[in-house]
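**Student:** Input: one structure, supplied below.
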Amino acid sequence: MNPSKTHKLPPDRQAVDAPDERLLQGIRSLPDIPAPADLATRIMGQLRPRQPNRTQRVLRFLSRPRTLTFTPVKWAPALVCLLILTVGLWVGRETSPPWNPLLQEAEFNYVTGRNFLARNNPDQALFHLRRAVEQVPDKADYHFWLGVAYWAGQDPRNEETSYQKALQLDPEFVPAHLYLGHHYLEQGDWQRALDRYHRVLARVPDQKEALFNAALALQHLGRVREENRMWTAYLQHNSSGTLALQALNHLTANGDLGFQSVTLGDRLRVAPRIGFEKDPAQLTPASLAVLSDIGRDLAMTDGYILHIVVYVQNDRALAEQRAKTIKKQILDLNPGLSPHRVRVSWFDLGSTIQVKDQTLTLPADVRIFTQKQPDHPKEEIL
């Protein structure tokens, strides 16, 4: 109450609250009576607190403030780890993207569609990949694989549209350029296919399919020199397999004899022809690399003998010198290889090669092949 202000009670309240003087006089005139002897004990008994029940004791224990004492040096490492963990969880919570059910469903459809493609079921693949594209239309991957599904379902128009849509979203999406090149090649649109393969090779110079198919496109365009360069580039990166042999056959048919087939046991590989420097018996660095690979593969192929046949037209001595040089280089480059597994022979004749309907003669050549090793090989003189 503010002491500067006085409060006046209403008239009826004054009559009730005002003390009666006669009552006061009566109280003062009462005789003094001594207090009972046990009054203090009874009063203190009433003041003593009651014992709480079990529930009250539990609640009181839980609500009681606690004090924890510890030694800082002893607990410091644990506190630092706790702090790092707390901050990491907080940062992770702040940076992790919110869960989006639509994105999760789109990803499910995308993965499921690709699985159906792998199982050669284009109808189911199309169903799920279309759903993925509808749910999240701004992902190049989704459009690309939808295009692959259209290809599997033999729908070239929608196939091309899907690849183009993927490239609109990501102009540097290499798989879309590659498969768009495949699409144009199948349609016989050689120049547009070649343009797409060049886009791929600008980003991935050793891309196997782009190299091989670009050479095919150049063949259909009649650009033989460029075609041969592309076959050569393919063989420099891919020396084995059916496509390597096809590339060799295309090169040979075009009159380019820079590569030859080498049979090592059950495996066939394509390698550059063995060549020599101006010094007629000195191998080129490229030929040394080829011989090193051949020797290494022979060392891992048990039960075979490597034959090296050297041709030099009208010069038997040079043919012999070259044959022995090649054998020495193979053994020097592969010290663990037994000399008995490398055999050489030489002729003072040219080497003949069949190209289409004509037979070509090379004045100097080296042929390399393997033969099954006999059970008891004879000691070799060379």
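What follows draws every value from the coordinates through simple rules; no lab data is involved. Everything quoted here is computed from the prediction, not taken from an experiment. For neighbour counting, all protein chains shown are included, and Cβ atoms are generated from backbone atoms with ideal geometry for every residue, glycine included.
**Student:** Check the range 259-372 and count each lysine pair with an alpha-carbon distance under 24 angstrom, considering only pairs eight or more places apart or from different chains. The partial results should precede the final answer.
**Tutor:** Values: Lys278/Lys324; Lys278/Lys327; Lys278/Lys328; Lys324/Lys372; Lys327/Lys372; Lys328/Lys372.
Final tally of qualifying lysine pairs is 6.
**Student:** Additional query: Give me the number: length gained by fully extending Ser240 to Phe369, i.e. 0.36 nm times residue separation minus the C-alpha to C-alpha distance, one decimal in nm.
**Tutor:** Numbers: separation 129, 0.36 × 129 = 46.44 nm, distance 1.48 nm.
Value of the extension gain: 45.0 nm.
**Student:** Val224 label point, 7 Å along Cα→Cβ, cut-off 14 Å on backbone N: hits in the range 340-368?
**Tutor:** Within reach of a label on Val224: 355-358.
**Student:** Give, in nm to one decimal, the length gained when the segment between Thr301 and Leu362 is fully stretched (0.36 nm per residue of separation minus the Cα-Cα distance).
**Tutor:** That pair, Thr301 and Leu362, stretches by 18.9 nm at full extension.
**Student:** If I take R0 = 35 Å and measure r between the Cβ atoms of Leu102 and Val204 in this structure, what FRET efficiency does the formula 1/(1 + (r/R0)^6) give, to the nearest 0.05? Walk me through the intermediate numbers first.
**Tutor:** On the way: r = 34 Å, r/R0 = 0.96.
Result of the calculation: an efficiency of 0.55.
**Student:** Please give the residues of the range 337-376, grouped as numeric ranges, whose backbone N is less than 13 Å from a label point set 7 Å along the Cα-to-Cβ vector of Thr263.
**Tutor:** 368-373
**Student:** Given a Förster distance of 51 Å, report the FRET efficiency between Ala286 and Asn115 from their Cβ-Cβ distance, rounded to the nearest 0.05.
**Tutor:** Numbers: r = 45 Å, r/R0 = 0.88.
The pair Ala286/Asn115 has a calculated efficiency of 0.70.
**Student:** Quick query: amide H of Leu362 versus all other amide H atoms, modeled in the peptide plane; which residues come in under 5 Å with a sequence gap of 5 or more or a different chain?
**Tutor:** Answer set, sorted by chain and number: Ser351, Thr352, Ile353.
**Student:** Separate question: Return the long-range amide H neighbours of Thr370 (sequence gap of 5 or more, or a different chain), with a cut-off of under 5 Å between placed amide H atoms.
**Tutor:** Placed amide hydrogens put Thr263, Gly265, His307 under 5 Å from Thr370.
**Student:** Just to check I understand the Karplus step: with θ = phi - 60° and J = 6.51 cos²θ - 1.76 cosθ + 1.60, what whole-Hz values come out for the range 106-116, glycine and proline as x?
**Tutor:** Values, residue by residue: 4, 5, 4, 5, 4, 5, 5, x, 5, 5, 5 Hz.
**Student:** So who's got an amide H within less than 5 Å of the one on Tyr304, skipping anything under 5 residues away but keeping other chains? H placed 1.01 Å off N, in plane.
**Tutor:** It is Gln373, by chain and number.
**Student:** Show me, for the range 308-313, the HN-Hα J-couplings you get by feeding each phi into the Karplus relation (A = 6.51, B = -1.76, C = 1.60, θ = phi - 60°), rounded to Hz, glycine and proline as x.
**Tutor:** Per residue, the Karplus-derived 3J(HN,Hα) values read 10, 10, 10, 10, 9, 4 Hz.
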